[in-house]
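The values are calculated or read from the model by the stated rules, or taken from the named source; none is laboratory data. Since we're looking at a predicted model, the values are computed, not measured. Here the Cβ is made from the backbone with ideal geometry for all residues, glycine too, and neighbour counts use every protein chain on show.
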Amino acid sequence: MQTLRITHYGEPILTQKGEAIEQFDDNLRNLADQMLHTMYEANGIGLAAQQIDQAKRMCVVDVLFEDGPPSFNYKLDGRVPPADLFMPMALVNPEIKSFGEKTEPYEEGCLSFPDIRGDVIRPTEIVVEYQDLDGAPHSLECDGILARCIQHEIDHLDGVLFIDRMDHKTLGTIKTVVKKLKKQTLKKMSSEK
Ligand code: NI
């Protein structure tokens, strides 16, 4: 399986909105497989199309990285199937339909920002509608790490990055390394031209 190159902060694709996916074919399934493979190789729990240099509305998620029962609550299409039946997930054309009122901070990382982490405040519960790789629509209600990860990935599909969601104080603590990363990325891009 091919490991795809993960785009880094400073590349314009990361601020682009993804185009809706209309073709549910083998190409899409292969892309999802390659994205999952790339995500696992990088020890990530989520990856969006922009992070493999494609402005498409699809992301992959697998938050079952711990042994034992899942640490989050969920309801998929009104039912509670075992989480490993629908995880790893590919979310095609996902839209968050509602957010819970409660918010909390959590230290996030992002494969497009290697070794950079920072607190992001987000709602703890969401309802997300998406299509699977066959184009079938689903509704997922969830909280915990699953809700956190899906919000982070859907932000990518809208060209929004986790640093855009950090408060000034948090951003202040990582500003220098973020600037350094951008500089490195731009240097690399110009040397490859
Ligand atoms: Ni990310």
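Observations on the structure shown:
For every residue, the table says whether it meets (1) away from the ligand (no atom under 16 Å from the Cβ); (2) buried (at least 16 other Cβ atoms within 10 Å of the Cβ); (3) of a type in the set (A, V, I, L, M, F, W, C).
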residue: P81; (1), (2), (3): yes, no, no
residue: L85; (1), (2), (3): yes, no, yes
residue: E95; (1), (2), (3): yes, no, no
residue: K102; (1), (2), (3): yes, no, no
residue: E107; (1), (2), (3): no, no, no
residue: I116; (1), (2), (3): no, yes, yes
residue: D119; (1), (2), (3): no, yes, no
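- For region 117-137, the count of residues that are among the β-branched types (V, I, T), at pLDDT 95 or above and within 28 Å of R5 (Cβ to Cβ) is at least one.
- Here the condition is being closer than 14 Å to R57 by Cβ, within 16 Å of the ligand (Cβ to nearest atom) and under 15 Å from the mean Cα position of the chain (by Cα); of M35, M39, it holds for M35 alone.
- Residues of region 35-55 satisfying the condition of being in a helix (DSSP H, G or I) and crowded, with 17+ Cβ neighbours inside 10 Å: M35, L36, T38, M39, Y40, A49, Q50, Q51, I52
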